[in-house]
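Any read-out appearing in this document is the output of simple, stated calculations on the displayed coordinates, not a laboratory observation. Computed from a predicted model, the values in this text were never measured in an experiment. We place every Cβ from the backbone using ideal geometry, glycine too, and count neighbours over all the protein chains shown.
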Amino acid sequence: MSRLFSLVGLLCVAFFSSFPAQAEVRLLTSIKPLQLIAAAVQDGLGAPEVLLPPGASPHHYALRPSDVRRVREVELLYWVGADLESFLPRVLAGRDKPSVAVQDLPGMQLRHFGEEHDEHGDHDEHEEHAQDAIEEHDHAHRPGSLDAHLWLLPANAQVIAAKMAADLAAADPANAPRYQANLAAFGERLAALDQRLRARLAGVAGKPYFVFHEAYDYFEAAYGLEHAGVFSLAGEVQPGARHVAAVRERLRQAGPSCVFSEPPLRPRLADTLSAGLPVTLAELDAMGADLTVDGGGYERLLERLADDLAGCLERL
């Protein structure tokens with residue numbers, strides 16, 4: 001009899017194991033910052049994928065055939081929107097599964113270029129600064145156009161995470177409580193992060209710094225910072241001597257200051273602009289290409305941004 005029960009038990013195990021275990025939901029994001037937010041929501045239940053490789057520009061990425069296949073196959077896809085990933089709409093037109101442009105989500109706090117300093121009452125000064133900027137690159141930010149670097153505001157990350165949690169719960173109802181628990185934990189970490197960032201950056205507000213890419217306005221507005229100027233370049237295109245002289249004069253007038261470029265490459269012009277001036281060259285990374293994709297990656301992205309900003313400005 002015991003042998004019979006053993007045989008029945010083995011048959012039951014074999015029968016139920018023939019049913020495939022529920023596979024994790026395949027979630028793809030266009031860029032690394034969105035992947036870091038998704039990782040917080042999927043923590044313990046899956047690993048979100050990212051479309052753009054490290055160092056690739058979301059403004060003009062060229063999709064490979066394998067990229068197109070992934071875009072069309074994954075269950076959930078999140079991107080910022082056509083203002084950032086202009087290469088995606090044509091491919092998404094052939095997709096029959098959910099695709100979310102996070103810039104269109106209700107509750108997002110959006111900014112537009114040319115309006116960012118109005119709330120400080122110094123719009124005229126900003127316009128004067130803009131005349132000194134070198135606007136030679138192929139995706140120069142037009143006044144009034146959407147500032148698509150929206151992930152740098154923690155409140156926006158919370159809105160994005162909430163949408164991801166709802167979509168994942170719908171695709172994987174058995175794990176809906178876990179997605180909601182992950183979302184709640186993410187919200188608590190963001191609240192704590194916000195307090196840390198305010199304390200870290202409180203002492204450097206008003207210190208002069210310049211950037212090579214106007215990518216940080218969401219972060220600056222949240223924490224009382226403001227860049228003094230933007231030097232926007234088109235890769236290897238070098239501006240004329242008159243422009244260089246104007247920018248160097250601006251740096252000279254600013255006195256000790258920081259000039260931030262983006263990794264992985266420092267613009268060749270940076271050394272020319274700063275030669276002989278009390279300028280410190282440093283980096284700010286808005287994308288977090290080298291960060292580990294886990295539940296705390298998004299927080300590390302913003303914390304490192306604050307540390308790099310404050311670390312340079314505190315030495316002035």
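Quick notes
- In units of the compact-protein estimate 2.2 N^0.38 Å, segment 27-313 shows a Cα radius of gyration of 1.04.
- DSSP-defined beta bridges in segment 27-313 - what % are antiparallel, rounded to 5: 10 percent
- Label-to-label distance, Asp290 versus Leu105, with points set 7 angstrom from Cα along the beta-carbon direction: 2.8 nm.
- Legend: ranking of residues Met108, Met164, Met287 from fewest to most surrounding C-beta atoms inside 10 Å; resulting order Met108, Met287, Met164.
- Estimated FRET transfer efficiency when R0 is 45 angstrom, pair Glu75-Val244 (beta carbons, to 0.05): 0.35
- Zone of Ala185's modelled label, taken as backbone nitrogen in segment 28-64 under 13 Å from a point 7 Å along Cα→Cβ: 39-46
- Taking amide H as placed 1.01 Å from N in the peptide plane, the amide H of Tyr216 sits under 5 Å from none that are at least 5 places away or on another chain.
- Set of lysines with alpha-carbon distance to Lys32 below 23 Å, sequence-local pairs under 8 removed: Lys97, Lys163
- Amide H contacts of Thr29 (H built 1.01 Å from N, under 5 Å, at least 5 apart or other chain): Glu49, Val50, Leu51, Tyr78
- Residues Thr29, Thr292, arranged from fewest to most other Cβ atoms within 10 angstrom of their Cβ, appear as Thr292, Thr29.
- Gain on full stretching of the segment that runs from Glu24 to Leu281 - 0.36 nm per residue minus C-alpha separation: 88.1 nm
- Karplus-derived HN-Hα couplings along segment 53-66 (A = 6.51, B = -1.76, C = 1.60, θ = phi - 60°), whole Hz, x at Gly and Pro: x, x, x, 6, 8, x, 6, 8, 7, 9, 5, 8, x, 5
- Packing-based ranking, highest mean first, of 211-221, 166-176 given that Cβ atoms within 10 Å are counted: 211-221, 166-176
- For segment 27-313, a simple Cβ point-charge model (Lys and Arg +1, Asp and Glu -1, everything else neutral) yields a dipole of about 800 debye relative to the Cα centre.
- Under the convention that each Lys and Arg Cβ holds +1 and each Asp and Glu Cβ holds -1, the size of the dipole of segment 222-316 around its Cα centre is about 620 debye.
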